[in-house]
1. Of all the residues that make up region 69-100, how many are in a helix (DSSP H, G or I), in contact (Cβ under 8 Å) with a residue 60 or more places away in the chain and either closer than 20 Å to Leu137 by Cα or among the charged types (D, E, K, R) (or both)?
2. So is Ser24 among the hydroxyl-bearing types (Ser, Thr, Tyr), farther than 30 Å from Leu121 by Cα, loosely packed, with under 15 Cβ neighbours inside 10 Å and at pLDDT below 85 or not?
3. Need the failing condition index for Ile20 against (1) within 21 Å of Lys80 (Cβ to Cβ); (2) not in a strand (DSSP E or B), just the number.
4. Would you confirm whether or not region 113-123 contains a residue that is surrounded by fewer than 18 Cβ atoms within 10 Å (Cβ to Cβ) and within 24 Å of Lys7 (Cβ to Cβ)?
5. Suppose we keep only residues that are within 18 Å of the chain's Cα centre (by Cα) and assigned to a loop (DSSP other than H, G, I, E, B) within region 112-138. Which one would you say is farthest from Lys28 (Cα to Cα)?
6. Of the numbered conditions (1) of a type in the set (S, T, N, Q); (2) crowded, with 16+ Cβ neighbours inside 10 Å; (3) more than 28 Å from Leu126 (Cβ to Cβ), Ser59 fails exactly one; give the number of that condition.
7. Looking at Lys106, Lys85, which one is exposed (fewer than 15 other Cβ atoms within 10 Å of the Cβ), over 17 Å from Asp62 (Cβ atoms) and in contact with a Leu (Cβ under 9 Å, 6 or more places away or on another chain)?
8. Of all residues in region 31-54, count the ones that are surrounded by fewer than 11 Cβ atoms within 10 Å (Cβ to Cβ) and not in a helix (DSSP H, G or I).
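The values are calculated or read from the model by the stated rules, or taken from the named source; none is laboratory data. All values derive from a computational prediction rather than experimental measurement. Using ideal geometry, Cβ is built from the backbone for each residue, glycine included, and neighbour counts are taken over all protein chains shown.
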Amino acid sequence: MNSNLSKIFKIIEKSFPILILDRSIDMKKSFLSVSNINEIIRMNIENKNLFSNMIINISDTDSVSLSDILKSYKFKLNSKSIFIKINRTTFKLFQYIPFFNKLMIKIYGSFEIDNSKMKTLSSCKLLSSSEGLDEYLKNKI
């Protein structure tokens with residue numbers, strides 16, 4: 001995996017300090033685990049007409065904050081990383097600094113995908129983001 005998330009995971013693996021958002025800042029992201037991609041491809045191969053001429057948004061079953069994912073990852077790896085919480089005021093101050101503004105939005109910004117069409121069209125059991133993270137860690141370790 002070569003993404004922003006994998007880069008942040010490497011920081012946690014090396015036990016470096018990392019910034020996380022305070023709970024009062026509700027920034028959630030949709031993730032997509034490899035298992036869910038595989039399940040949807042399998043389903044599409046078995047029933048070729050299921051997604052015929054449609055655009056379908058796919059994601060894990062829930063949206064989670066990056067801070068929750070990082071906390072879970074740190075706990076599961078038993079990392080010694082120190083989390084530095086950013087409160088709402090500090091987050092807003094960072095938005096006025098050009099470089100930090102783009103960085104904070106890129107890493108911590110909210111991006112939720114509505115996969116309700118996928119849920120209504122199929123009966124497949126998709127994983128949640130935390131289940132996808134568990135599976136990622138099993139394959140990684």
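1. Start the filter on region 69-100 by keeping residues that are in a helix (DSSP H, G or I), which leaves 69-77, 88-94, 98-100.
Retained after the next criterion (residues that are in contact (Cβ under 8 Å) with a residue 60 or more places away in the chain): 69-70, 72-74, 76-77, 88, 91.
Applying the additional criterion that residues be either closer than 20 Å to Leu137 by Cα or among the charged types (D, E, K, R) (or both) yields 69-70, 72-74, 76-77, 88.
Qualifying residue count, region 69-100: 8.
2. Values: among the hydroxyl-bearing types (Ser, Thr, Tyr): yes; farther than 30 Å from Leu121 by Cα: yes; loosely packed, with under 15 Cβ neighbours inside 10 Å: yes; at pLDDT below 85: yes.
When the stated conditions are applied, Ser24 passes them.
3. In the conditions (1) within 21 Å of Lys80 (Cβ to Cβ); (2) not in a strand (DSSP E or B), Ile20 misses (2) alone.
4. Yes, there is a match, as at least one residue in region 113-123 is surrounded by fewer than 18 Cβ atoms within 10 Å (Cβ to Cβ) and within 24 Å of Lys7 (Cβ to Cβ).
5. Taking the candidates together, the pick is Leu126.
6. (3)
7. On the way: Lys106 fails: in contact with a Leu (Cβ under 9 Å, 6 or more places away or on another chain).
None of the others qualify; the one that does is Lys85.
8. Total meeting the criteria: 5.
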